[in-house]
1. Among what's in segment 76-103 and is in a loop (DSSP other than H, G, I, E, B) and modelled with pLDDT of 80 or more, pick the residue that is surrounded by the fewest Cβ atoms within 10 Å (Cβ to Cβ).
2. Quick check on segment 204-225: of everything there that is in contact with a Leu (Cβ under 9 Å, 6 or more places away or on another chain) and not in a strand (DSSP E or B), which residue is surrounded by the fewest Cβ atoms within 10 Å (Cβ to Cβ)?
3. Would a scan of segment 46-55 turn up a residue that is in the same structural domain as residue 112 (by TED's automatic domain parsing), without any contact (Cβ under 8 Å) to a residue 12 or more places away in the chain and within 18 Å of residue 74 (Cβ to Cβ)?
4. On the given criteria, is residue 13 within 15 Å of residue 108 (Cα to Cα) and assigned by TED's automatic domain parsing to the domain that holds residue 114?
5. Looking at segment 1-24, which of the residues that are of a type outside the set (A, V, I, L, M, F, W, C) and part of a helix (DSSP H, G or I) is surrounded by the most Cβ atoms within 10 Å (Cβ to Cβ)?
6. Any idea which of 174, 234, 228, 254 is assigned to a strand (DSSP E or B), outside the structural domain of residue 10 (by TED's automatic domain parsing), basic (Lys, Arg) and out of contact with any strand residue (DSSP E or B) (no Cβ under 6 Å at 6 or more places or on another chain)?
7. Can you report the number of residues in segment 25-53 which are surrounded by fewer than 13 Cβ atoms within 10 Å (Cβ to Cβ) and touching a strand residue (DSSP E or B) at 6+ places or on another chain (Cβ under 8 Å)?
8. Kindly indicate whether residue 252 is among the hydrophobic types (A, V, I, L, M, F, W, C) and at pLDDT 95 or above.
Amino acid sequence: MKILIVEDEALAIEKLHRLLDKYPQTIEVIETLDSVKKTVQWFNSAPALPDLILMDIHLSDGLSFDIFTQVDIKTPVVFVTAYDQYALKAFKANGIDYLLKPIDYDDLKGSLDKFQAQFKQKEASPTPAVAAQMASLLEQFKHLTQEDYKTRFLVKAGNKLVPVLGNQIAYFYKDDIVFLLTQDNKKYHVNYSLDELERILDPRLFFRANRQFMVNVQAIESIHPYFKGKLKLKLKPTPTITNEVIVSQEKASKFKEWVDS
């Protein structure tokens, strides 16, 4: 199977290559491109076409949907995105396959297996409506900014209410109920569970470290190896409810990718 990768993050590219190497069938990555412009130029040069494209949505010079408005691409595409809830809604509505970052092997294998089942005999191919479909997605994702996620909280402080902006929050933590702690060490109760916060906060800024903490990347002072592949975080301000904020072995790889993204 010949695959084209369209991705602008070096770490993500490296990981895709590692995961593709694990796939039981032979895969050849024929090219890796990192921008809308380069991808359009590559297709216009009439190369040998890939069987499948793995394509990130956000590239260095724009949204990858722009590519489809400039060149006629009939190759099946699996999109890669970190825009969780919005990507799910848009892709499901349009019947398009996708992978959510950080990608794991089982998800990637599932997409490759699905492609093999649908396209191995070239019985199926994208319809002429693909260009219009991508143009529609382009319009949807142009409106996906950080403001689509919750960016501020109205919290109670004594006998008054005060707004707290997302970029002022160091982390959320659970101590029977859920609190947020600001970067200047002010604590407020919030009427959300950590599960709810995980869905409504920007995943580029906040990570669910464990059952007790959801941390802002700006609050991470240092990361230390811990027992059995776990990670120990030093946060600022220092939490008062525990001396140790631990990321599990299962989440450690995704956490490091998130910090490095």
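The values are calculated or read from the model by the stated rules, or taken from the named source; none is laboratory data. Only a predicted model underlies this, so the values are computations on that prediction, with no experimental measurement involved. For neighbour counting, all protein chains shown are included, and Cβ atoms are generated from backbone atoms with ideal geometry for every residue, glycine included.
1. Only one residue fits best here, namely 103.
2. Out of the qualifying residues, it is 211.
3. We begin by selecting, within segment 46-55, every residue in the same structural domain as residue 112 (by TED's automatic domain parsing); these are 46-55.
From what is left, the residues that are without any contact (Cβ under 8 Å) to a residue 12 or more places away in the chain are 46.
Retained after the next criterion (residues that are within 18 Å of residue 74 (Cβ to Cβ)): 46.
Yes, the conditions are met somewhere in segment 46-55.
4. yes
5. 15
6. The match here is 174.
7. Result for segment 25-53: 3.
8. Spelling it out, it is not the case that residue 252 is among the hydrophobic types (A, V, I, L, M, F, W, C) and at pLDDT 95 or above.
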